[in-house]
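Visitor: Okay, handing you the structure first.
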Amino acid sequence: MMEGSMLDAARIIGYLKEKSILITGSTGFLGKILVEKILRVQPQVHKMYLLVRAVDAPSAEQRVQQEVIGSELFGLLRDKYGEGFDSFIQDKIVPLAGDITGEDLGLEASTLDQLANDMDVIINIAATTNFYQRYDVSLDVNVMGVKHLCHFARQCANLKMLMHVSTAFVSGDSAEVIPEKPITPGESLREGLRLDIDAELRLAGDVKNAASGGGGDDAAHKTAERKAMKELGLQRARHFGWSNTYVFTKAMGEMVLEQHRGDMPVVIMRPSIITSVRADPLPGWMQGTRTIDTLIIGYAKQNISCFLADLRMVMDVVPGDMVVNAMLAAAAARSGEKGALAIYQATSSLCNPVTYAVLYRAGGRHFAEHPRVRDNGEVIPNREMRLFSTIPRFRLYMILTYKLPLEILHAANLLLCGLFSKLYNDSNRKYKFVMHLVDVYGPFAFFKGCFDDSNLESLRSTMVRKSPEDEMFSFDPKIIDWDDYFYRIHIPGVLKYVCK
């Protein structure tokens, strides 16, 4: 970025004018916020090409209409354009039926050529974010998808920037301050191990073939294959020192980007846990469940009475609209710098840390003031949720409270010729589910690391705040009053949009 050049709303909005932008992952939480924001602040954007998984053009069109444009998030724009909303959208948004897991993004050669001539900016948000996803699926989307996009990007004659959304957790869970530095291809979090991506792809293929019995198509083979692929992902992640399949494959995605970016200007945005929209266009809007929301939803639905959390621990969270603002500011600031790679951690643990206690208190306050009601109008009493600050304590509690009674039930069931089979199987399934949650989410609940955001801080320091318009692009977590945000915006948002 040119020294001394200041960023304000006018410069970011001006940057987007007449641009052709390819966006992957537009049907996801962050993708929708980005598409809406660009349309709202810069109606003179040339085109936004939304690559979505679909069999053909009409079904791509339908997906974008239903899942993106049809979302409550687009209410402000709808009101602004009234009758003209649909034609405005049709003029600006081009749905593309394709798939980043395929060579050439699953597009026809003619479409690809036309796009390559037209494209200014590529923003890759597509990812599978499931912690316990099948290894083959995660590798396809989070790793090979990046490679295919790089390949396309290098064919774009006028490309100003490739922006890739990763996650702050790619660097593993060290207890130190985690810097905004690139991940070197081949490096592993475990000393003395080298990570070879091609070998991982081969391994996933071999295990998949073995598990499916050489491609058996019946339900039993499919189930065996799914289980084997999920377990392989977790096992490989932990072998190399990452806590789950998602963060492991996202780390590999960054490595692939480093290997294939050539001299393209690249920005990697690494948000921590993304929470609901804080300011605009719709405070509290949310899609999908984040790690911390499992608690709120479990409590609201009364199906979790105990959970794993140390209230003194810092949870690194950042509202979705702030992540998008940071993305747009970074794009405007770093565009067109040949060969440059900039990494930004959109995080809060260093500059405005918030503990689980704040979320817990805000939840208590919310449910005390807005009691939940049963279908018959009866008020559900608020019970204290039992929290365990270590995994061994939680396991012990689960064994004494659930596992022992289960074993007794199992014995009774055998004596009484299967009278309690259904009850036993249901309870056992629930017990296993909770223990699995602990296994997968535990490392997140006790994450001790703190993310450095110096690069983002220096980008923030170039942001001018003269007009109310400039506030529209704020990405400074220091201005957030977390107590107020969770109580007034986030918890009601989760209950309204996620916990339907």
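Quick note: the coordinates plus some simple rules give every number you see, no bench work behind them. Remember, predicted model here, so these are calculated numbers, not experimental data. Positions of Cβ are generated from backbone atoms using ideal geometry, with glycine treated the same way; all protein chains shown enter the neighbour counts.
Visitor: Based on Cα positions only, what radius of gyration and what Dmax would you give for the chain, in angstroms?
Guide: Both quantities, over Cα of the chain: 23.8, 80 Å.
Visitor: May I pose another question? To the nearest 10 degrees, how steeply does helix 245-260 sit against the main Cα axis of the chain, on a 0 to 90 scale?
Guide: 20 degrees
Visitor: Hey, another quick one. For Phe433 paired with Asn130, estimate the spin-label separation in nm (one decimal), with each label point 7 Å from Cα along the Cα-to-Cβ line.
Guide: Rounded to a tenth, the inter-label distance reads 1.5 nm.
Visitor: Next up: Roughly how many Å is it from the Cα centre of the range 99-141 to that of the range 153-216, as a whole number?
Guide: Result: 15 Å between the Cα centres.
Visitor: Find how much the distance from Asp104 to Lys448 grows on full extension, using 0.36 nm per residue of separation minus their present alpha carbon separation; answer in nm with one decimal.
Guide: On the way: separation 344, 0.36 × 344 = 123.84 nm, distance 4.05 nm.
Extra length from Asp104 to Lys448 when fully extended: 119.8 nm.
Visitor: Can you give the angle from 0 to 90° between the axis of helix 320-334 and the longest principal axis of the chain, with both taken from C-alpha atoms, to the nearest 10?
Guide: 30 degrees
Visitor: Follow-up. State the extension gain, in nm to one decimal, for the chain segment bounded by Asn352 and Leu415, taking 0.36 nm per residue of separation less the distance between their alpha-carbons.
Guide: Working: separation 63, 0.36 × 63 = 22.68 nm, distance 5.85 nm.
Net length gain for the segment: 16.8 nm.
Visitor: Okay, moving on. So which trypsin sites (Lys or Arg not before Pro) in the range 258-337 pass both tests, a DSSP loop state and at most 12 other Cβ atoms within 10 Å of the Cβ? Mind dumping the intermediate values first?
Guide: Details: sites: Arg261, Arg278, Arg290, Lys301, Arg312, Arg334; in loops: Arg261, Arg278, Arg290, Lys301, Arg312.
For trypsin sites (Lys or Arg not before Pro) across the range 258-337 that sit outside H, G, I, E and B with at most 12 neighbouring Cβ atoms in 10 Å, the list reads Lys301, Arg312.
Visitor: Looking at the range 398-456, which trypsin sites (Lys or Arg not before Pro) are in a loop (DSSP not H, G, I, E or B) and have at most 14 other Cβ atoms within 10 Å?
Guide: Values: sites: Lys403, Lys422, Arg429, Lys430, Lys432, Lys448; in loops: Lys448.
When the trypsin sites (Lys or Arg not before Pro) of the range 398-456 are filtered for loop state and at most 14 Cβ neighbours within 10 Å, Lys448 remain.
Visitor: What is the extension gain from Val373 to Gln44, computed as 0.36 nm multiplied by their sequence separation minus the C-alpha to C-alpha distance, in nm to one decimal?
Guide: Details: separation 329, 0.36 × 329 = 118.44 nm, distance 4.75 nm.
That pair, Val373 and Gln44, stretches by 113.7 nm at full extension.
Visitor: Taking the range 54-136 as the region of interest, what is the percent of Cα-Cα pairs per 10 angstrom bin, listed from the shortest bin to the one with the maximum distance?
Guide: Once binned at 10 Å, the Cα pair distances of the range 54-136 give 13, 37, 34, 14, 1.
Visitor: Step through the residues of the range 15-27 one at a time and calculate ³J(HN,Hα) from phi using the Karplus curve (6.51 cos²θ - 1.76 cosθ + 1.60, θ = phi - 60°), rounding each to whole Hz and writing x for Gly and Pro.
Guide: My calculation for the range 15-27 gives 4, 6, 4, 6, 7, 9, 10, 9, 10, 9, x, 6, 7 Hz in order.
Visitor: So, one more: Could you state the per residue volume, in Å³, of the convex hull enclosing the Cα atoms of the range 137-271? Please list the in-between numbers first.
Guide: On the way: hull volume 16.5 nm³, N = 135.
That works out to 122 Å³ per residue.
Visitor: Taking a label point 7 Å from the Cα of His221 along the Cα→Cβ vector, which residues of the range 189-207 have an amide N closer than 17 Å to it?
Guide: Residues 205-207 fall inside that zone.
Visitor: Would you please state which residues of the range 143-168 a label at Glu187 would reach in this model, taking the label point 7 Å out along Cα→Cβ and a backbone N cut-off of under 17 Å?
Guide: Answer for this model: 166-168.
Visitor: I would also like to ask the following. I need the GluC sites (Glu not before Pro) found in the range 324-402, filtered to DSSP loop residues with at most 15 other beta carbons within 10 Å of theirs.
Guide: Details: sites: Glu337, Glu369, Glu378, Glu384; in loops: Glu337, Glu378, Glu384.
Those that pass, being in a loop and sparsely packed, are Glu378, Glu384.
Visitor: Measure off 7 Å from each Cα along the Cα-to-Cβ vector at Lys80 and Glu67, then give the distance between these two points in nanometres to one decimal.
Guide: 2.5 nm
Visitor: Work through the residues other than Asp310 whose Cβ is under 11 Å from its Cβ and net out their charges, Lys, Arg +1 and Asp, Glu -1.
Guide: Working: positive: Arg312, Arg393, Lys448; negative: none.
Net charge in that neighbourhood comes out at +3.
Visitor: While we're here: For the pair Glu457 and Asp118, how long in nm is the line joining their label points, each one 7 Å along Cα→Cβ?
Guide: Placing both labels 7 Å beyond Cα along the Cβ direction yields 4.2 nm.
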